[in-house]
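Novice: Just passing along the structure, written as structure tokens.
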Amino acid sequence: MTTTTSTSIRFVLFATGVTAIGGFLFGYDTAVINGANSYLKAYLHLSPAQEGMAGASAILGCIPGAMCAGFLSDRFGRKRMLFLCALLFAVSGLLSAIPRAFEQFLIARFISGLGIGASSIICPVYIAEISPEKSRGRLGSLFQLGIVSGIFITLFINKLIQGLGDEAWNIAWGWRWMLGMEVVPALIFIGLLLEVPESPRWLAQKGRPDEARETLEKVGGPEHATRELSGIREAMSHEEGRFSELFTGAFFKPLGIAVALMAFSQFCGINAIMYYSTKIFGASGAGQNAAFTSSVWVGLINFAFTFVAIGLVDKVGRRPLLLIGTAVQAIALGLVGWMFRTHQNGVGLLVCVVLFIAAFAMAMGPIGWLFCSEIFPNKVRGRAMSVAAFTVWVSCYVVAQTFPILNDSPSIGPALTFWCYAAVSMLSFLFVLALIPETKGRSLEDIEKMWSRSVVPAADRKSSHEELLR
């Protein structure tokens, strides 16, 4: 390995690794409510509907955060928006730890949601735009690795804090410490962002090619920079950059695929488990300590199997991993529902839950964000990701808000709830089989051309469809 290559690798790993801290904070916010919700419910005397609102309150911020971030990042740059996300996480962590009323808590969590929604767009887009195509899959998976790292470490922190005092202490103070600890990684994120460059594709689009070339040379050397800039200029010459363009012509199909893929990724019930796993295991008959311990195992498996995606996504491809992952999800969720129906708990239930988590972590979790960050043209990538992320957070809100109600309902209960999630996973398998193309090893500009070639006369559609599925 030459010195230049080694320097390029370090540069790309640093830039993408720092950006992945946004994913870590995303994961922290996703999981922290898991341990805090039972004590928060007791402290504020919440009903099941209010408990669902507490769990889903951050998601209400995710929706406008996602919708605005794409436009703002296209206009002001990816790096500035990453700074804003870090600031929102820090503020929300502080405010979430000090409320004395339910409304104050909802406001604090709404602020965190703005940061989550914005980071869910900007982090994958930034990583995709700075990564060389041969390793974009692995580097793009770092965002999901950041998320699952945040989830695992947060569940572990929740377990440690829960063990510091008795029930009364946790109701009064424990949940505050769980939520407030988010300030620490948020401040670290702010500091490291000072050393991260702006996206070279955004710089080129804004008429700053010299700065773009400088960054691209650090990524892959002079030849890489020349080749990438040539592709960016060619793509820009055919783009108008209008939001309305997403809903017509060559980009309507990738938009529809992205929206459906993101909806499937949430309606399979992943965040029902990430937000309420302690409640789920407790409902199966496990004690409070055992429920917290089982939740830590969920986080650990989620973390470990993300490395499977990182190792295989650029070798095996996006499509095969999605097919395997969604099939295993359906089987695992069906078994979870069966165990609740037959009143089984303990190790068997934990194994089935972590099997689902493992399948999601190796496929739908990282590849959903990665695939959506790859398939849109440069000038509207931020706007397109806003639509995809909007779909995620609306779907996630529905799941988070309805799970406590469905789970506690005498006429529905956990068994039927998880069988519904299993049915969604089976539908997602069929969707991937029918419509998801392979993007492994293609530059962002080549992927854009792939969609453009799919809008062809009827006589040529068969060959174009075969091109997409190769």
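Novice: Determine the shape class of region 299-368: with a ≥ b ≥ c the square roots of the Cα gyration tensor eigenvalues, call it rounded for a/c under 1.5, and otherwise prolate if a/b is greater than b/c, oblate otherwise.
Specialist: Taking the square roots of the gyration eigenvalues as a ≥ b ≥ c, region 299-368 is prolate.
Novice: What is the extension gain from A423 to T226, computed as 0.36 nm multiplied by their sequence separation minus the C-alpha to C-alpha distance, in nm to one decimal?
Specialist: Answer, rounded to one decimal: 66.1 nm.
Novice: Okay, next question. Which helices count as membrane-span-like in the chain under these terms: full DSSP H, at least 24 Å along the axis by C-alpha, Kyte-Doolittle mean of 1.6 or more?
Specialist: 413-435
Novice: How much accessible area does K449 have with a 1.4 Å probe, in Å² rounded to the nearest 10?
Specialist: Accessible area, nearest 10 Å²: 80 Å².
Novice: Same structure again: Could you rank H343, H224 by how accessible they are, 1.4 Å probe, largest area first?
Specialist: Largest to smallest exposure gives the sequence H343, H224.
Novice: Let me ask another. Counting alpha carbon pairs within less than 8 Å and at least 6 residues apart, what relative contact order, in whole percent, applies to the chain? Can you show the working numbers first?
Specialist: Values: 797 pairs, mean separation 114.4, N = 470.
In percent, rounded to a whole number, it is 24.
Novice: Once Rh is set to the Kirkwood radius over Cα pairs, what Stokes-Einstein translational diffusion coefficient, in µm²/s, holds for region 98-223 at a temperature of 4 °C and a viscosity of 1.567 mPa s?
Specialist: After rounding, the answer is 73 µm²/s.
Novice: Would you mind working out the accessible area per residue for the chain, using a 1.4 Å probe, and quoting it in Å²?
Specialist: I get 37 Å² per residue for this part.
Novice: Could you work out [θ]222 nm for the chain from helices alone, using -39500 (n - 2.57) per DSSP H run of at least four and dividing by all its residues? Round to the nearest 500 deg cm²/dmol.
Specialist: Calculated at 222 nm, the ellipticity per residue is -27000 deg cm²/dmol.
Novice: Quick one, can you get me the convex hull of the C-alpha atoms of region 320-454 expressed as volume per residue in Å³?
Specialist: Numbers: hull volume 14.9 nm³, N = 135.
Spread over its residues, the Cα hull of region 320-454 gives 111 Å³ apiece.
Novice: Another question, if that's okay. When the solvent-accessible surface of protein heavy atoms is calculated with a 1.4 angstrom probe, in what order do W173, W202 fall, highest first?
Specialist: The residues order as W173, W202, largest area first.
Novice: Excluding ligands and nucleic acids, what accessible area in Å² is computed for R341 using a 1.4 Å probe, to the nearest 10?
Specialist: For R341, the solvent-accessible surface is approximately 130 Å².
Novice: Given axes a ≥ b ≥ c from the Cα gyration tensor, I'd like to know whether region 386-446 is rounded (a/c under 1.5), prolate (a/b larger than b/c) or oblate. Could the numbers behind the result be given before it?
Specialist: Details: a/c = 4.94, a/b = 2.02, b/c = 2.45.
It is oblate, given that a/c is not under 1.5 and a/b is not larger than b/c.
Novice: Right, something else. Suppose we keep just the alpha-carbon trace of region 135-180; what are its Rg and Dmax in angstrom?
Specialist: 15.3, 50
Novice: A 23 angstrom limit on the alpha carbon distance is what I want to check against. Which of K79/K315; K79/K449; K134/K449; K134/K206; K79/K218 exceed it?
Specialist: K79/K315; K79/K449; K134/K206
Novice: How big is the chain by Rg and Dmax over its Cα atoms, in Å?
Specialist: Looking at the chain, its Cα Rg and Dmax stand at 21.9, 72 Å.
Novice: Once neighbouring chains are kept in place and the probe is 1.4 Å, which whole percent of the accessible area of the chain is contributed by carbon and sulfur? Walk me through the numbers before you get to the answer.
Specialist: Details: 12020 of 17620 Å².
Solvent-exposed carbon and sulfur of the chain make up 68 percent of the total.
Novice: Once Lys and Arg get +1 and Asp and Glu get -1 on their Cβ, which of T439, S8, A272 lies farthest toward the positive end of the dipole of the chain?
Specialist: Farthest along the dipole direction, towards plus: T439.
Novice: Still on this structure, I have one more. Taking the Cα centre of the chain as origin, sum charge times position over the Cβ atoms of Lys and Arg (+1) and Asp and Glu (-1), and report the length of that vector in debye to the nearest 20.
Specialist: 280
Novice: Before anything else, pin down the relative contact order of region 46-165: Cα pairs under 8 Å, at least 6 apart, normalised by residue count, whole percent.
Specialist: 32
The values are calculated or read from the model by the stated rules, or taken from the named source; none is laboratory data. Here the structure is a predicted model, which is why all the values come from computation and not from measurement. Quick reminder, even Gly has a Cβ in these numbers, built from the backbone with ideal geometry, and neighbours come from all protein chains shown. All accessible areas refer to the heavy atoms of the entire protein, side chains included, with ligands and DNA or RNA removed. Shrake-Rupley method; radii C 1.70, N 1.55, O 1.52, S 1.80 Å.
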